[in-house]
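The values are calculated or read from the model by the stated rules, or taken from the named source; none is laboratory data. Note that this is a predicted model, so its numbers are computed, not measured. Neighbour counts are summed over all protein chains in view; Cβ atoms, including those assigned to glycine, are modelled from backbone coordinates with ideal geometry.
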Amino acid sequence: MATSSNVYLSPSQPLVFHVPDISFETATATSKLLQKNHENHHIFFNQSGFHNHIAHHLLTFFALNGTPTELERAWVDNASYQRQLVPLDSHVVSQLHDQNVYEAYLGREEEVLREFILKGNKRADDMLVRMFDGILHPLIHLGFGVEFEQPAIIAEALALAAVHDDWDAARLIESETIAKANDLDRRPDATIHSTSFCSRVYVTERNLEEKTAEMINAVVYFTSAAQSPKHQVKFDFFNIHAVNLSIFFSAFLQQSWLPVSSKIRLLEWKIRMDLTIYASPRPPRLQFDEITGYQHKQDTSWNTIFERVRRIRDDGHASKFVRALANGEHVCRKYEHKPGFIVKGDMWKAIANMFIESIDGSPDYIRGGGWSRVPVRKHSGL
């Protein structure tokens, strides 16, 4: 069974989105490789704080029913440059916790999350803001642990958050405070429109599910439509993390142990971070016709798309993005008739093909809004 020190995946693992009929061989291979990563590798692969993505990569391949051969290749491609874990200093560890507290929480990861991440006091908020640092990686890691029901991955996520900065704390807490002061149920619209964009974010229990879908649709739209008509299609490396995280908010909705108030707060913070990501370093001009007019090179069935993305030799960013798109199509379908749900119908698969074909060639992504290294389109007259 899965524990705080042991990774175990079942072929029948209940997931937000997965390919049907995951094989026993795939589950076994994934569990084995995840355990090796958990026991041997540092969460950062260099001294600059670049993240170890092996767990994300393997779990996504598992959900997409990757073969043992594909899983092994993903491991080989990324294990070679990882930092090895350093030996624990038992004396230091003994000073970090009360033995009684440790034993009380051992094997009760849901209580740990409620107490140390979601409680809403100063200590928990200090950890929560760190979850949103590092281009959202700690929260992405936590999402994998929650969705795949792996306490060991949740433990890694907590450790990862603890060693990130709290630079976003002031903005997240301040915008939340302003939003509460300007509660939409109690204040006129004029008051709301006088605040910053981030503080206008407002989710209720009644619209939580719809707002989750709206968030997914919005991040996919601004990430996909942020194109330069002069240049070949490329996706912004920082923007894709907002999409890759989005799928786990579908998972959070399904957790009965997670208080509704926590689900609302997490979603509001996610939307505020999305707005920040979109606006930094400057809001791109969105090109909707890049999505609707895209001429993909191959068959658009999801099965073909999943096969294509599993062949990509990267650290897992591509497969995470595609799985998040497939989930988005499912989640947003019931709201497509509503204003604000711009991505709909076959656009989801069109974006998946755009994305896969965009990383076939250098550079694979744009970073910081810079298009100078991206080739100009052959037909461009600009």
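Only one of (1) in contact with a Cys (Cβ under 9 Å, 6 or more places away or on another chain); (2) crowded, with 20+ Cβ neighbours inside 10 Å fails for Thr276. Which number is that?
Condition not satisfied by Thr276: (2).
Based on what the data block shows, is Ser261 crowded, with 23+ Cβ neighbours inside 10 Å and modelled with pLDDT of 95 or more?
On the way: crowded, with 23+ Cβ neighbours inside 10 Å: no; modelled with pLDDT of 95 or more: yes.
No; evaluated as a whole, the condition is false for this residue.
Going residue by residue through the range 334-346, is there one that turns out to be within 29 Å of Leu15 (Cα to Cα), part of a helix (DSSP H, G or I) and touching a Ser or Thr at 6+ places or on another chain (Cβ under 9 Å)?
Looking through the range 334-346, none of the residues is within 29 Å of Leu15 (Cα to Cα), part of a helix (DSSP H, G or I) and touching a Ser or Thr at 6+ places or on another chain (Cβ under 9 Å).
Any residue at all in the range 132-139 that's at pLDDT below 90, crowded, with 18+ Cβ neighbours inside 10 Å and either in contact with a Gly (Cβ under 6 Å, 6 or more places away or on another chain) or part of a helix (DSSP H, G or I) (or both)?
Of the residues in the range 132-139, the ones at pLDDT below 90 are none.
No, the range 132-139 contains no residue that is at pLDDT below 90, crowded, with 18+ Cβ neighbours inside 10 Å and either in contact with a Gly (Cβ under 6 Å, 6 or more places away or on another chain) or part of a helix (DSSP H, G or I) (or both).
Go through the range 259-290 and give me each residue that's touching a Gly at 6+ places or on another chain (Cβ under 9 Å), under 17 Å from Arg171 (Cβ atoms) and basic (Lys, Arg). Show your work before the answer.
Within the range 259-290, the subset touching a Gly at 6+ places or on another chain (Cβ under 9 Å) is 261-262, 265, 280-282, 284.
Add one more test, that the residue is under 17 Å from Arg171 (Cβ atoms), and what stays is 265, 280-281.
Answer for the range 259-290, where residues must be touching a Gly at 6+ places or on another chain (Cβ under 9 Å), under 17 Å from Arg171 (Cβ atoms) and basic (Lys, Arg): just Arg265.
Do you know which residues across the range 110-131 are basic (Lys, Arg) and surrounded by fewer than 18 Cβ atoms within 10 Å (Cβ to Cβ)? Walk me through how you get there before you give the answer.
Initial filter on the range 110-131 (basic (Lys, Arg)): 114, 119, 122-123, 130.
Arg114, Lys119, Lys122, Arg123, listed by residue number.
Applying the selection to the range 65-89, what residues are at pLDDT below 95 and assigned to a loop (DSSP other than H, G, I, E, B)?
Ser80, Tyr81, Gln82, Arg83, Leu85, Val86, Pro87, Leu88, Asp89
May I ask you to list the residues in the range 5-64 that are out of contact with any His (no Cβ under 9 Å at 6 or more places or on another chain), small (Gly, Ala, Ser) and not in a loop (DSSP other than H, G, I, E, B)?
If the condition is that a residue be out of contact with any His (no Cβ under 9 Å at 6 or more places or on another chain), small (Gly, Ala, Ser) and not in a loop (DSSP other than H, G, I, E, B), then Ala27, Ala29, Ser31 are the ones that fit.
For a quick check of your reading of the model, give me the residue pairs whose first member lies in the range 115-133 and is not assigned by TED's automatic domain parsing to the domain that holds Ile277, whose second is at pLDDT below 95 and hydroxyl-bearing (Ser, Thr, Tyr), with beta-carbon atoms closer than 8 Å and at least 6 apart or on different chains.
So the pair list comes out as Glu115/Tyr105.
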